[in-house]
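Trainee: Structure provided below as structure tokens; questions to follow.
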Amino acid sequence: MTETTHLDESATTTTARAVGAPAADHALEALEIERRAVGPKDVRIDIKFCGICHSDIHFARGEWGEIPYPAVPGHEIAGVVAEVGSEVTGFAVGDRVGVGCMVNSCRECENCLKGDEQYCLRGNTQTYGSVDRDGTVTHGGYSDHVVVDEDFVLRIPDGLDLDAAAPLLCAGITTYSPLRHWNAGPGKQVAVVGLGGLGHMAVKLAKAMGAEVTVLSQSLRKQEDGLKLGADGYYATSDDATFDTLAGRFDLIVNTVSAGIDIGRFLMLLRTDGALVNVGAPPEPLPVPVFALIPQRRTFAGSAIGSIRETQEMLDFCAEHGIAADIELVDAGHVNEAWERVLASDVRYRFVIDNSTL
Ligand code: NAP
Ligand code: ZN
Ligand code: ZN
């Protein structure tokens, strides 16, 4: 990190080392970005680890629409507070902290006032690719430090290692929130579609909440892992018999798949009043046959990350239950290879960048 004092203002911006995409069709490469000066309510975090989410790939490759380049992804940030602004009350230098998918919201709309800032009616400020309040484009955690308003900083409990905790900031909360909202717990049959980063957290969390958990994966290749993660059942969706065996079984299905799947077939696995919640975010539409919904009053829903309050609740829940991500650490120079392995569903079960190698 280098500091630059601009002569026309007292504030000091900093230059961060980063890894990012210069264009949609370009491999990631080392680059430098500017971070805003630490304002009165800001916290500067030295990033120790950053998880690699499939969303980073959708985003940087322009699959969700046009974005500003260079793009520096990363919203599973774990680090240590290096500096606090004069009005910060919640954090001190040396605290172990995390930042997830959002770094601000309007704070005035109905949802923000309710504490559901992930559903801010004016759109929350995303950790990367959003226009921040100072008019600059936000950049994510594939970098050595970040400056964030303290209201969007999470506390990582002492019982969690920073590297394995990093993926909780997206994969953890994105699965925890719908599991809670749709009441996963004792007596409930929960299925998780796709055993990747989100999927493996969904299995661990649903199990810890007391539900009976079934994994629906493309093949039985990862069955042994799935059962070790806590699943009670494991089925291959490539086998047509799976859809007969499990018809009408589940109260809740959490679909974490990053590509299009035949939603109608999965809806038929729900009981009466069951819900299939899509957290996977493929760029193309997922056609829903209404006659898979109507006869059994089934619900097809979506869910986005979770609020800041719920994210802290999830981190505390994970510490209490001894839950974190199963990770493979990668150096900053090998993120392109890690992305290729994510795209090939060859991830066990989250890549995490060791940011000291930037
Ligand atoms: P990931 O690690 O790549 O896991 C996705 C899993 O889906 C794969 O491991 C694979 O599991 C399965 N899969 C992949 N391609 C498939 C295909 N063509 N057909 C069937 N199954 C396939 O990805 P992730 O990081 O968990 O993210 C998953 C999705 O959630 C992404 O679209 C991401 O953008 C989205 N997301 C949404 C939110 C939100 O707030 N809603 C937050 C974070 C991420 P198996 O090998 O077991 O089949
Ligand atoms: Zn994510
Ligand atoms: Zn709002």
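Trainee: So what does log10 I(q)/I(0) come out to for the chain at q = 0.09 Å⁻¹, using the Debye formula with one equal point on every Cα and no solvent?
Mentor: Result of the Debye calculation: -0.48.
Trainee: Another question about this same structure. Using alpha-carbon pairs under 8 Å, 6+ residues apart, how would you state the relative contact order of region 178-280 in percent?
Mentor: 28 percent
Trainee: So what's region 207-324 giving for Rg/Rh, alpha carbon basis, Kirkwood Rh from the mean inverse pair distance?
Mentor: So for region 207-324, dividing Rg by the Kirkwood Rh gives 0.98.
Trainee: How far, in degrees from 0 to 90, does helix 197-208 lean away from the longest principal axis of the Cα atoms of the chain, to the nearest 10?
Mentor: Helix 197-208 sits at roughly 70 degrees to that axis.
Trainee: Where in region 188-247 are there trypsin sites (Lys or Arg not before Pro) that are in a DSSP coil and have at most 13 other Cβ atoms within 10 angstrom of their Cβ?
Mentor: Arg221
Trainee: Going by average Cβ density within 10 Å per residue, which order do the peptides 272-279, 135-142 take, highest to lowest?
Mentor: Sorting 272-279, 135-142 by mean packing, highest first, produces 135-142, 272-279.
Trainee: Continuing with this model, one more query. On C-alpha positions alone, give me the angle between the axis of helix 308-321 and the longest principal axis of the chain, in degrees, nearest 10.
Mentor: On a 0 to 90 degree scale, this one is about 70.
Trainee: Okay, moving on. On a full-extension model of 0.36 nm per residue, what is the gain between Glu63 and His321, subtracting their alpha-carbon distance, rounded to one decimal in nm?
Mentor: Gain on extension, Glu63 to His321, equals 89.3 nm.
Trainee: Order these peptides, 238-248, 96-106, 119-129, by their mean beta-carbon neighbour count within 10 angstrom, highest first.
Mentor: Highest-to-lowest ranking by the protection proxy: 96-106, 119-129, 238-248.
Trainee: When the chain is modelled as a GNM with alpha-carbon springs shorter than 10 Å, which of Leu343, Leu216, Leu252 fluctuates the most?
Mentor: Leu343
Trainee: Once R0 is set to 56 Å, what does the formula 1/(1 + (r/R0)^6) return for the Cβ-Cβ distance between Asp151 and Asp239, expressed as a FRET efficiency to the nearest 0.05?
Mentor: Efficiency, from the Cβ-Cβ distance: 0.75.
Trainee: Tell me the label-point distance for the pair Ala27, Arg271, using the 7 Å Cα-to-Cβ offset, in nm and rounded to one decimal.
Mentor: 5.1 nm
Trainee: Could you state the orientation-averaged shadow area of the convex hull built on the Cα atoms of region 277-332, in nm² to one decimal?
Mentor: Answer in nm², one decimal: 7.4.
Trainee: Which chymotrypsin sites (Phe, Trp or Tyr not before Pro) in region 9-117 pass both tests, a DSSP loop state and at most 15 other beta-carbon atoms within 10 Å?
Mentor: Within region 9-117, the qualifying chymotrypsin sites (Phe, Trp or Tyr not before Pro) (loop, at most 15 other Cβ atoms within 10 Å) are Trp64.
Trainee: Further question: May I ask for the Rg/Rh ratio of region 106-206, computed from Cα atoms with Rh as the Kirkwood radius, given to two decimals?
Mentor: 1.00
Trainee: If you don't mind, there's one more thing I want to ask. Once you mark the GluC sites (Glu not before Pro) that are in a DSSP loop and have at most 14 other Cβ atoms within 10 Å, what is the longest gap between them in the chain?
Mentor: Answer - 109-358.
Trainee: What share of all Cα pairs of region 139-185, in percent, falls into each consecutive 10 Å distance bin?
Mentor: Per 10 Å bin, starting at zero, the Cα-Cα P(r) for region 139-185 comes out as 20, 45, 29, 6 percent.
None of the figures in this text is laboratory data; all of them are computed from the coordinates on show. On a predicted model such as this, the values are computed, not experimentally measured, just so you know. Counting neighbours? That spans all protein chains shown, and the Cβs are built from the backbone with ideal geometry, glycine included.
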